[in-house]
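Rule-based calculations on the coordinates, nothing more; no lab input. Because the structure is predicted, anything quoted here is derived from the model rather than measured. No Cβ is skipped: glycine too gets one built from the backbone with ideal geometry, and neighbour counts run over all protein chains shown.
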Amino acid sequence: MSARLLLGAPLVQDRELSIRARVQDLASHGVVPTLAIVDATGQEAAARFARAKVRMCEKLGLSARTCRLPSSGSGGELLETLASLSQNPEVHGILLENPMPEAYRGLDAVTRIVPAKDVEGLHPFNLGHLLSGTGEFIPTTAAACLELLHHYEIPITGRQAVVVGRSSVVGRPVALLLLAQDATVTICHSRTKDLAHHTRQADILVVAAGHPGLVKAGMVKPGAVVLDVGMNFTEQGKALGDVETEGNLEVASAWTPTLGGIGPVTTILLLENVVRAAEKTVGT
Ligand code: NAP
């Protein structure tokens, strides 16, 4: 058996058409959906991701602006920027690039984004709605995982899902979304004992740990669907997932490639959220 690749492109193409149409409709109201990207990470990888999002916005007729801020200091400028963008009627969505530098982790900066512009769904208000199943904005990477499963008609109900990682950005929300679709869900983290025991139970294995090759050969159940969210870069700039392909790809039934899988779907869902946020301002 060789795993079927779960590519994001077919899904993205469909969404692009609908976004373009909605952007045109907004133009008739004199509104250009606008995304503000706030990058205080100080990391080149984040800057690269930000540029890719800007390009995608431009391609589909949205406007995007990037605010690059220092990654050290008191964080006052970061908080002021987020508050000011929250008040700015020309900005419909705000994205705070991850990872937050160590110095800012205690600031809870995401809470300075007004929930109506929290297009990544990471404000506690939106995370709370995710818990109750009534969410407007769902964390986009987690939503992308579910979109891919639906697009490729992979059954979820009654299946054993194992999620490695428990961040608010990916692990926890994806576990909640799988639970809401009637999977039986196990969440693993850095203190989990015998990770391999858990991953080998998974019909659907989602790995979002940020550790290249964490899931080694033999840790994937034959026939499993693997959503490898991990995005790690070598010094040479090569992208590596969290799951070793050798010894696993052969036994899995389906697999998201590190590039061209979850990432593009995450971006398109983000843009869709910006459009939705803009539509709300004109009541369409
Ligand atoms: P994060 O905030 O660092 O969280 C990592 C999680 O993995 C934590 O819950 C951690 O456990 C767990 N973990 C770390 N080492 C582990 C181990 N040895 N065994 C089991 N669990 C372990 O990272 P994140 O923001 O969730 O992102 C995770 C990865 O996804 C990163 O590579 C990131 O670049 C990638 N990502 C990709 C996309 C995309 O669009 N493709 C989007 C977002 C993120 P503890 O909680 O115990 O520390």
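Taking the number of Cβ atoms within 10 Å of each Cβ as an exposure proxy, the fewest-first ranking of LEU107, LEU60 is LEU107, LEU60. Rounded to whole numbers, the Karplus 3J(HN,Hα) couplings from phi for the range 17-30 are 4, 5, 5, 4, 5, 5, 5, 5, 4, 5, 4, 5, 9, x Hz, using 6.51 cos²θ - 1.76 cosθ + 1.60 with θ = phi - 60°, and x at Gly and Pro.
Per 0.36 nm of contour for each residue apart, how much would the distance between GLN87 and ARG68 grow if the chain were fully extended, relative to their Cα-Cα spacing? All intermediate terms of the calculation are to be shown ahead of the outcome.
Working: separation 19, 0.36 × 19 = 6.84 nm, distance 1.88 nm.
Contour length minus the Cα-Cα distance gives 5.0 nm.
Loop-only check: which trypsin sites (Lys or Arg not before Pro) in the range 197-249 are DSSP coil with at most 12 other Cβ within 10 angstrom? Could you put the intermediate results ahead of the total?
Details: sites: ARG200, LYS216, LYS238; in loops: ARG200, LYS216, LYS238.
Within the range 197-249, the qualifying trypsin sites (Lys or Arg not before Pro) (loop, at most 12 other Cβ atoms within 10 Å) are LYS238.
Just rank CYS67, CYS188, fewest to most, by other beta-carbon atoms within 10 angstrom. List each step's numbers first, then the result.
Numbers: CYS67 18, CYS188 23.
Ascending number of Cβ neighbours within 10 Å: CYS67, CYS188.
The charge dipole of the range 140-263, taken about the Cα centre with unit charges on the Cβ atoms of Lys, Arg (+1) and Asp, Glu (-1), comes to about 400 debye, rounded to the nearest 20.
Per residue, the average separation of C-alpha pairs within less than 8 Å and at least 6 apart gives the range 145-236 a relative contact order of 27 percent.
Divide the volume of the convex hull of the Cα atoms of the chain by its number of residues and quote the answer in cubic angstrom per residue. Walk me through the numbers before you get to the answer.
On the way: hull volume 36.0 nm³, N = 284.
It is 127 Å³ per residue.
Efficiency by 1/(1 + (r/R0)^6): what FRET value for GLU58 and SER2, r their Cβ-Cβ distance, R0 = 30 Å, to the nearest 0.05? Each step should come with its number before you reach the end.
Values: r = 37 Å, r/R0 = 1.24.
So, using R0 = 30 Å, E works out to roughly 0.20.
Could you tell me the calculated FRET efficiency between THR281 and LYS216, based on Cβ-Cβ distance and R0 = 41 angstrom, to the nearest 0.05?
Efficiency computed from Cβ-Cβ geometry: 0.25.
With neighbour counts taken as other beta-carbon atoms within 10 Å, the residues LYS221, LYS117 rank, fewest first, as LYS221, LYS117. Beta bridges per DSSP, both residues in the range 140-263: antiparallel share near 10 percent. With K and R counted +1 and D and E -1, the other residues having a Cβ less than 12 Å from that of VAL265 yield a net charge of -3.
Of all segments of the chain bounded by GluC sites (Glu not before Pro) found in a DSSP loop with no more than 14 other C-beta atoms within 10 Å, the longest spans 1-89. Of all DSSP-defined beta bridges confined to the chain, some 5% are antiparallel rather than parallel. From helices alone, the chain scores -11500 deg cm²/dmol at 222 nm; the rule is -39500 (n - 2.57) for each run of n ≥ 4 DSSP H residues, then divide by the residue total.
For a straight C-alpha distance cut-off of 25 angstrom, the lysines reachable from LYS193 (same-chain residues fewer than eight places away being disregarded) are LYS216, LYS221.
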